[in-house]
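Chemist: Attaching a single structure in structure tokens format; questions to follow.
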Amino acid sequence: MHDVIVVGAGSSGCAIAARASEDPNRTVLLLEAGPDYSDLSTLPFDLTNGHNNSYTAHDWKFAHNPTRQREVRFPRGRVTGGSSAVNTAIALRGMPEDFEEWAELSLPEWGWRGVLPAYRRLERDLDFGERDYHGDAGPITIRRYPPSEMSLQHLSFLEAARSLGYPDCPDANDPDGWGAGPQPMNKLGQLRVSCAVGYLAPARVRKNLTIRPETTVLRVLAESGRCTGVEVRNRDGSVEELRAKLVVLSAGAIMTPAILMRSGLGPKEQLERHSIPVVRHMPGVGQNLSDHPALSVTMKPKDPSIIDHDMPIIQTILRYTAEGSDKRNDLQIEMLSFSGKRDQPQFAIAGVLEYQHGRGELVLASADPDAAPVIHQQFCEDETDLKRLVGCYRDVLRFARTKPISDMVENIDFPRGGNPTDDEIAGLVRRFAGSGYHPCGTAKMGVASDDMAVVDQHGRCHGLDGLAVADASIMPFVPRANTNLTAIMIGEKVGEWLRTRPAIYGL
Ligand SMILES: Cc1cc2nc3c(=O)[nH]c(=O)nc-3n(C[C@H](O)[C@H](O)[C@H](O)COP(=O)(O)OP(=O)(O)OC[C@H]3O[C@@H](n4cnc5c(N)ncnc54)[C@H](O)[C@@H]3O)c2cc1C
């Protein structure tokens, strides 16, 4: 019997396992469906290469419907480090107001003052570590590209931003900041500092921490209103039950709700449809799916030699607020050094909606643990979302037409003609908006009186002792930033509670 089983060695799970096992008297078992590279010198190139995402080699092979008309691939990391091991390594924090909104949902632990210490603890900011809102001794190293390391595309982006009147923002993680500047990134040179690198590497020597890769959790086990452990499928195909005093689900915003539902914890009608015995009717599981809809302008350069797929794809960012919006920094614009296929030189600028009002949902396709869930995002069906992303896309087109970017462009490949009306942009957004790959909210935190809440503010499952959830799925809604740092911050908070206040979890 273990004290704690953590399901999923992703952004949150690695932080939880590492923090909880800092108490040598607490045994922690970390289960991961994907492989583990315990010796960092054996990490495959797609995992070390922080210059671009790894899309297929360590992936769950999910698909989603970003809009009603389309089904496209939806990458999620399947390896120790989880999605932090395959992502773009953008290290951006949510806005203080995001967390004040979480706190207003009667979740006082999650106000800005509650989350800032965890954001500080997780990072080693090489540029601004001495500032009181930053950390300089955490496991995740963060730095920004200086102009001397930036490609022509990114230098041009910053110059265009200046001439369009946006202020310089040297630190996009300054809680009061906005404007254009270098993107904070959890990279050292080309190395992506994933949570496997930052958290697991130094913790794996501990005798009280066991990491078990290639072990897929099929469901959590419940007896008399209490979670008693998990059922797993091992590498050799054998099925086994593992017991623990506490199970923490950190399988991410797609697999956590799927595991809950297959365990009988979910919307009753859905469970009955798949003949899954209902342990507890939880209508919120799989609902409230939140993400960052985005759409790019793609351009063919006059000089194809500026496109190099081996260079960093991201180096800069513009954080700003939509016209008339009361949500600060609810939009992002990002230059992508390259896009599309290697043999067709192209670069792009993406407009991203950071504060989403609309919601999608995730439902089970079947009770089979190997069947991918069905993911409907329903992007920009909400009129406020649509209006702000249309405005953002108009701003992206303005960038494409501003020197020195315009001097680099032979022609705009998408949208065709390069000069759409707002109605035409709305049509493009409704049809082609894609995901920032930031799903969250599918097992949201909330008070017990909220029918749609799945866990309380400590991540404890409503109505089932011995089970907690801690990953992107518990976010009540997507923060105004790429979600990796916030998922790690959640792991930091829950891991720290496990270490310092274990009684919260019955330990
Ligand atoms: C391609 C891509 C690019 C991205 N780029 C960025 C970026 O640049 N910056 C940023 O901030 N965010 C980015 N994100 C999003 C960010 O990485 C995620 O929000 C974050 O990693 C989510 O953390 P998590 O702990 O919730 O889930 P994950 O990190 O996905 O971890 C879940 C873990 O659980 C494991 N698991 C799942 N099911 C089971 C099971 N049944 N049994 C055992 N193990 C299981 C998975 O294999 C995985 O390791 C990106 C994501 C992707 C996919």
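Chemist: Can you name the number of the only condition in (1) open to solvent by less than 40 Å² (accessible area, probe 1.4 Å); (2) in a loop (DSSP other than H, G, I, E, B); (3) of a type outside the set (A, V, I, L, M, F, W, C) that D385 fails?
Modeler: (2)
Chemist: Here is a further query. Go through (1) free of Cβ contacts under 8 Å to residues at least 60 places away in the same chain; (2) not in a loop (DSSP other than H, G, I, E, B) for D326 and report which single condition fails.
Modeler: (2)
Chemist: Then there's this: For region 453-472, enumerate the residues that are touching a Leu at 6+ places or on another chain (Cβ under 8 Å), outside any loop (DSSP other than H, G, I, E, B) and within 14 Å of the ligand (Cβ to nearest atom). Write out each step before concluding.
Modeler: Keep residues of region 453-472 that are touching a Leu at 6+ places or on another chain (Cβ under 8 Å), which gives 454, 457, 460-461, 464, 466-471.
With outside any loop (DSSP other than H, G, I, E, B) added as a condition, the list becomes 460-461, 467-469.
Residues satisfying the conditions are A468, V469.
Chemist: Another question, if that's okay. When you scan region 431-451, how many residues do you find that are under 27 Å from S83 (Cβ atoms) and either open to solvent by 70 Å² or more (accessible area, probe 1.4 Å) or in a helix (DSSP H, G or I) (or both)? Walk me through how you get there before you give the answer.
Modeler: To start, the set of residues in region 431-451 that are under 27 Å from S83 (Cβ atoms) comprises 431-446.
Next, from what is left, pick out any that are either open to solvent by 70 Å² or more (accessible area, probe 1.4 Å) or in a helix (DSSP H, G or I) (or both): 431-432, 437.
Counting residues in region 431-451 that are under 27 Å from S83 (Cβ atoms) and either open to solvent by 70 Å² or more (accessible area, probe 1.4 Å) or in a helix (DSSP H, G or I) (or both) gives 3.
Chemist: Which pairs do you get when a residue that is farther than 28 Å from S151 by Cβ, found in region 383-404, comes within reach of a residue that is surrounded by 18 or more Cβ atoms within 10 Å (Cβ to Cβ) and of a type in the set (D, E), reach meaning Cβ atoms under 7 angstrom, with the pair 6+ apart or on two chains?
Modeler: Close Cβ pairs (under 7 Å, with a partner that is surrounded by 18 or more Cβ atoms within 10 Å (Cβ to Cβ) and of a type in the set (D, E)) amount to R388/D330.
Chemist: Here is a check on your reading of the model: is D413 assigned to a strand (DSSP E or B) and open to solvent by 10 Å² or more (accessible area, probe 1.4 Å)? Steps first, please.
Modeler: Numbers: assigned to a strand (DSSP E or B): yes; open to solvent by 10 Å² or more (accessible area, probe 1.4 Å): yes.
So D413 passes the test.
Chemist: Does T256 meet the test of being open to solvent by 10 Å² or more (accessible area, probe 1.4 Å) and under 27 Å from the mean Cα position of the chain (by Cα)?
Modeler: no
Chemist: Taking into account only those residues within region 222-236 that are open to solvent by 10 Å² or more (accessible area, probe 1.4 Å) and touching a residue at least 12 places away in the same chain (Cβ under 8 Å), which is farthest from the chain's Cα centre (by Cα)?
Modeler: Going residue by residue through region 222-236, those that are open to solvent by 10 Å² or more (accessible area, probe 1.4 Å) are 222-226, 228, 231, 233-236.
Checking which are touching a residue at least 12 places away in the same chain (Cβ under 8 Å) leaves us with 222, 225-226, 228, 231, 233-235.
Details: A222: 29, G225: 31, R226: 30, T228: 29, E231: 26, R233: 26, N234: 27, R235: 27 Å.
The selected residue is G225.
Chemist: On to the next question. I need every pair where a residue in region 304-316 that is away from the ligand (no atom under 16 Å from the Cβ) has its Cβ under 6 Å from the Cβ of a residue that is in a helix (DSSP H, G or I), sequence separation at least 6 or different chains.
Modeler: Filtered contacts from region 304-316: I306/L152.
Chemist: Considering region 24-73 alone, what residues qualify as being surrounded by 18 or more Cβ atoms within 10 Å (Cβ to Cβ), among the hydroxyl-bearing types (S, T, Y) and either under 22 Å from T216 (Cβ atoms) or touching a Ser or Thr at 6+ places or on another chain (Cβ under 9 Å) (or both)?
Modeler: Correct list: T27, Y37, S54.
Chemist: Hey, among G129, G165, which residue is modelled with pLDDT of 95 or more, open to solvent by 30 Å² or more (accessible area, probe 1.4 Å) and either of a type in the set (S, T, Y) or assigned to a loop (DSSP other than H, G, I, E, B) (or both)?
Modeler: Values: G129 fails: open to solvent by 30 Å² or more (accessible area, probe 1.4 Å).
Result: G165 is the single residue among G129, G165 that is modelled with pLDDT of 95 or more, open to solvent by 30 Å² or more (accessible area, probe 1.4 Å) and either of a type in the set (S, T, Y) or assigned to a loop (DSSP other than H, G, I, E, B) (or both).
Chemist: Okay, moving on. Considering only residues that are within 6 Å of the ligand (Cβ to nearest atom), within 27 Å of T215 (Cα to Cα) and part of a strand (DSSP E or B), which ones fall in region 62-94?
Modeler: Answer for region 62-94, where residues must be within 6 Å of the ligand (Cβ to nearest atom), within 27 Å of T215 (Cα to Cα) and part of a strand (DSSP E or B): just G77.
Chemist: In addition: Answer yes if at least one residue in region 261-275 is at pLDDT 95 or above, surrounded by fewer than 21 Cβ atoms within 10 Å (Cβ to Cβ) and assigned to a strand (DSSP E or B), and no otherwise. Before the answer, list the steps.
Modeler: From region 261-275, those at pLDDT 95 or above are 261-275; that's our starting set.
Still in the running and surrounded by fewer than 21 Cβ atoms within 10 Å (Cβ to Cβ): 264, 267-270, 272-275.
Those still in the list that are assigned to a strand (DSSP E or B) too: none.
No, the conditions are met nowhere in region 261-275.
Chemist: A follow-up question, please. If we scan region 448-457, do we find a residue that is at pLDDT 95 or above and within 28 Å of R70 (Cβ to Cβ)?
Modeler: Looking only at region 448-457, we keep the residues that are at pLDDT 95 or above, and these are 448-457.
Those still in the list that are within 28 Å of R70 (Cβ to Cβ) too: 452.
Yes; the residues of region 448-457 include at least one that is at pLDDT 95 or above and within 28 Å of R70 (Cβ to Cβ).
The values are calculated or read from the model by the stated rules, or taken from the named source; none is laboratory data. Given the structure is predicted, the values throughout are model-derived calculations rather than measurements. Quick reminder, even Gly has a Cβ in these numbers, built from the backbone with ideal geometry, and neighbours come from all protein chains shown. Note: accessible area is taken over every heavy atom of the protein model, side chains too, but ligands, DNA and RNA are not part of it. Shrake-Rupley method; radii C 1.70, N 1.55, O 1.52, S 1.80 Å.
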